[in-house]
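Before any comments, here is the structure.
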Amino acid sequence: MATGYLLATCEVPEAVLNALPEGFLGVDLGIVNIATTSTGIRHSGRGLNRTRDNARRVRSKLQRKGTKSAKRRAKKYAGREARRARDINHKISKGIVAEAERTGRGIALEDLGGIRERARLRKPQRTALHSWSFHQLGAFVAYKAKRAGVPVVYVDPAYTSQECSRCHHVDRRNRPAQAVFACRSCGFVEHADLNSSQNIAARGWWTWVRGAESQAPASAALTLLA
């Protein structure tokens, strides 16, 4: 029996934009935690990364074989991984937008332009960074926010991991470990990703009050593949 695909685009109704948000929900994107919000919700990537590492090793082994059947199986594994990433991005973005809508906040996201060039990571983390769809996650958040009337702004992520969200002192030594933030000026200690997300939230708020418009897509047209 032949398998067919239907590609369709539908217009999704948009809510009225909340022009007076009660602050912004900052979202920090990363490898160990795919997304961390400024309210302390972390979407862990540990289990996912283990699954993807195993799948990557299987694909590499199949590709080295070079046979037609091995190549078909490798392609199948790659497609499965892409679908899994898309599903996880949908769920994470849905949770982020729901939280912002429920609390009357806007959403502040990192401007991901050049993230691959800026990141200084060990080889396994570089591999994860190149293969994870951060831009897809950001796009999902943006169009879901548009549907919900939640404003979205993008902020410069520079030094968000080194800046203290309490006193705003910036020092690379403030990040003594991957998960730990410890300000060398005021002594504030926090989970590193949460501290970064709170900096992003603050930058989002200042971007908004200075007159920035919501940067969610102009249209919430959603393409469905069935």
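Contact annotation: residue pairs with Cβ atoms under 9 Å, 6 or more positions apart or on different chains, pairing a residue in the range 193-212 that is polar (S, T, N, Q) with a partner that is in a helix (DSSP H, G or I), are Asn195/Asn174.
One residue stands out in the range 1-54 among those that are open to solvent by 50 Å² or more (accessible area, probe 1.4 Å) and of a type in the set (Lys, Arg): the one that is modelled with the highest pLDDT, namely Arg42. Exactly one residue among Ala119, Ala139, Ala82 is at pLDDT below 85, surrounded by fewer than 16 Cβ atoms within 10 Å (Cβ to Cβ) and closer than 22 Å to Val27 by Cα, and that residue is Ala119.
You will find that of Ala218, Ala177, the residue that is closer than 14 Å to Pro151 by Cα, at pLDDT below 95 and not polar (S, T, N, Q) is Ala218 and no other. Taking the criterion of being assigned to a loop (DSSP other than H, G, I, E, B) and open to solvent by less than 60 Å² (accessible area, probe 1.4 Å), the residues of the range 178-210 that qualify are Ala179, Cys183, Gly187, Phe188.
The values are calculated or read from the model by the stated rules, or taken from the named source; none is laboratory data. Owing to the predicted nature of the structure, the values given are computational and were not obtained by experimental measurement. Using ideal geometry, Cβ is built from the backbone for each residue, glycine included, and neighbour counts are taken over all protein chains shown. With ligands, DNA and RNA removed, areas are computed over all heavy atoms of the protein, side chains included. Shrake-Rupley method; radii C 1.70, N 1.55, O 1.52, S 1.80 Å.
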